Amino acid sequence: MEISNLPISPSIRSKLLSKGYTSLSSLSSISPSFLAQELSVKLEEAVEVLRAVSDTTTSKSAHIPYGIIPGAVTAWDMLSEEQMQRHISTGCEDLDAILGGGIHCKEVTEVGGVPGIGKTQLGIQLAVNVQIPVEYGGLGGKAVYIDTEGSFMAERAYQIAEGCIYDILDKFPSNSREFLSCKERLQVNNFLAGIFYFRICSYTEQIAVINYLENFLTEHGDVKLVIIDSVTFHFRQDFDDLAQRTRVLGGLSLRLMKLSKMFNLAVVLLNQVTTKFTDGSFQLTLALGDSWSHSCTNRIILHWNGNERCAYIEKSPSVPSASAPYLVTGKGIRGINSNFKRARIM
Amino acid sequence: MANKLINQMGLPPSLSHVFSARNILTAKDALSLPEIDLMALLDIDIDLVRAAVARISEATCPPFQTGLALLEEKMKSGGHLSTFLPGLDIALCGGIPFGALTELVGPSGIGKTQFCLKLALLAALPECYGGLNGQVIYIDTESKFSSRRMIEIGEGSFPQIFRLQGLAQKMAGRIIVTRPTSISEFNDSLQQMKLTLLQNEVKLLIVDSIAALVSWDNEKGIISSRQSPVRGSLSFLKSIAEFSQVPVVVTNQVRSHSNDDTFHYIFQGHRKDTSNSERSESHLTAALGIQWAHAVTIRLIFEAHSGHRFIKVAKSPISPPVAFPFVVESSGITLLNQEGISVAGSEINAIRCQGWKSFSGIIQQWNQLPSFMQ
């Protein structure tokens, strides 16, 4: 790696080059005060330069298994960690099954579809389901809902939370002492209070809120889900320069991935559709372009299959492509067999 | 929020001078560039850039609310404009929502303008009669507004109110009609409205119809690119709705639906199943395309088939897919069936136009002077 690739400001870089320091090895054995004198910069700035050099060449401390690559973990450790992970149920058993349990934490999932297919419904359902207490099989965490289109309706969230609580109490009718205490927490108002809602009116605010999330999540450590509904809206209306748009979106998706890994939460992005001319005809595809389609870990497309709504997993590193039908009912997203009352377990 | 000035964000003075020296004055300028580009432009350390961007983001980010607080706010302010059609009000959980775009789409002559006239009246009515007691701005792009017809609807629906001395005049006086003839005029009136909406207690904004704007756009020969002025107006309308929390009702036209319009995803392949061929028989689809379809919050489709007309709730975050048969009478639109007919599947998005008489034939019966003017 050369000096030109170091993350330092251009004026210092030009001074280094003009004094003949062209490679990293030339800086490896210089003291800060000498460098400060050479470049006629302040001592703190010289220290910064040397720190940047050492960061890129030497290994970081902390967990070094087998000393091969710093900061890596073995696949076995990852497997044991993943098996302990809980997933966020979508409300539809078939969809949960093909997803391998539900929406995964530490991953970015993109959900797209035509208008009216149920994207916002799925978003609100996930924001409710993430709050299901651990004793009932959920994550017991809160949700951040970033709304760019104004489609979040608090009354609908109320209905969905009510439906969710009703189904939980139906499924776990036990009255044992452990369940009694968390039953008190199963109130619709608690579920609504656990959704942090941001209303975003421009792409600047969208970038700002994603930057700000790091601070927010440090303060509110129990957030386990971040939903952006929809990530496309402002980027389709106001951007003139498409190349810049791709760069900004790339930066956003990297930041979101970093947040999901750092705070162990799931990020769900809702996307719109557009038409693309391929193979001699127009096809439906998710918006924001080809480069964006690489940014998400998982991709689910909601579509009409005749008269049924279906969810199709287009891209996932861990489960095969599959389709599952789902319903949007008054209680929220459900599977097609859930209309039958579950037999009570006596 | 995007235009917030950087020098008012509490950054250390040396840093904000560097920003303004390079002409990065607002949050939008700063946040549109990746951090590396900012560092190169401003010639400062990456850590300083990161800290500055974090501070700017924190200042630009809107405050959050919990879902519970949102619900309580909605409950307090009512949140809906009742349409006085009980079945539709129940389906929409109260009526036309505040702060969101509601679209009425359907073939010409089916009753969209009639619906708008009634809504305008309802918003002007005093609260004791179920209205919003406010002014209404009616943007009429196709010269369809008929004040005579509106008074007629008023007399038909609320006879006891309209017989009161001077009330009809007061109601009609609250409805402000503007007739822009070009996109620039339309945009100008929108800009002015941003302030007056709050000052003058405007409680409803109706645009009838928005598809006419696009045809003006095409007439002038402007290639409809991403940046055509119409796109800007549409997103501005939406932000006005949000900003001032008034209901915004927009009517849209239909255009013919060729086979190319039934798009599929790549993984679906090219299928020719019967449901598709039945749908293409309708030959109609909403104008303005799929991007507009994403932008509206609620879409009500007006269609006609089997001798009846229907209002369908095609897209709504809180309603199931239902269709209500309706007729247009002297008192405006009336639903024939208050429970609605549940519509399965993607049928809800189809627009059909078969077997009904055009509305203009029926209006001849009503061209009499309203009673208070005789």
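The values are calculated or read from the model by the stated rules, or taken from the named source; none is laboratory data. Source: prediction; values computed, not measured. Here Cβ is always computed from backbone atoms with ideal geometry, including for glycine, and neighbour counts include all displayed protein chains. SASA here: full protein model, heavy atoms, side chains in, ligands and nucleic acids out. Shrake-Rupley method; radii C 1.70, N 1.55, O 1.52, S 1.80 Å.
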- Task: Please report how far the C-alpha centroid of region B:300-324 lies from that of region A:139-167, rounded to the nearest whole angstrom.
- Result: 26 Å
- For the protein assembly as shown, report the accessible area per residue in Å² (1.4 Å probe, heavy atoms, rounded to an integer). 45 Å²
- Scan around residue B:33 for amide H atoms under 5 Å from its own, H built in the peptide plane at 1.01 Å from N, and keep only partners 5 or more places away or cross-chain. none
- Item | Karplus 3J(HN,Hα) series, Hz, for region A:186-191 with 6.51 cos²θ - 1.76 cosθ + 1.60 (x for Gly, Pro) | 7, 10, 4, 5, 5, 5
- Message: Residue by residue through A:79-86, how many Cβ atoms from other chains fall within 10 Å of the Cβ on average?
- Response: 0
- Farthest toward positive dipole pole in chain A [+1 Lys/Arg, -1 Asp/Glu at C-beta], among A:211, A:326, A:297: A:326
- Message: Among A:209, A:73, A:319, which one shows the highest mean-square fluctuation when chain A is modelled as a Gaussian network with alpha-carbon springs under 10 Å?
- Response: A:73
- Task: Show A:275, A:90 ordered by accessible area, largest first, where the area counts protein heavy atoms only and the probe is 1.4 Å.
- Result: A:275, A:90
- Item | With DNA, RNA and ligands ignored, accessible area of residue A:258 (1.4 Å probe; Å², nearest 10) | 120 Å²
- Contour excess over end-to-end distance, with Cα ends at residue B:179 and residue B:73 and 0.36 nm allotted per residue: 34.7 nm
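What is the sum of charges around residue B:189, taking Lys and Arg as +1, Asp and Glu as -1, for the other residues whose C-beta is under 13 Å from the C-beta of residue B:189? List each step's numbers first, then the result.
Values: positive: B:179, B:194; negative: B:140, B:185, B:188.
So the surrounding residues net to -1.
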- If you find the alpha carbon centre of region A:283-314 and of region B:106-125, how far apart are they in angstrom? 37 Å
- Query: Ranked from the most accessible area to the least, with a 1.4 Å probe and all protein chains present, what is the order of B:22, B:231?
  - Reply: B:22, B:231
- Task: Can you grab the distance from the C-alpha centre of region A:84-120 to the C-alpha centre of region A:213-265, Å, no decimals?
- Result: 18 Å
- Query: Accessible surface of residue A:78 in the full protein assembly, 1.4 angstrom probe, to the nearest 10 Å²?
  - Reply: 90 Å²
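In the structure displayed, which of B:4/B:194; A:331/B:118; A:142/B:74; A:142/B:203; B:170/B:238 lie more than 26 Å apart, Cα to Cα?
Values: B:4/B:194 18 Å; A:331/B:118 33 Å; A:142/B:74 22 Å; A:142/B:203 36 Å; B:170/B:238 29 Å.
A:331/B:118; A:142/B:203; B:170/B:238, as the Cα separations exceed 26 Å there.
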- Using only the Cα atoms, what convex hull volume per residue in Å³ does the protein assembly as shown have? 203 Å³
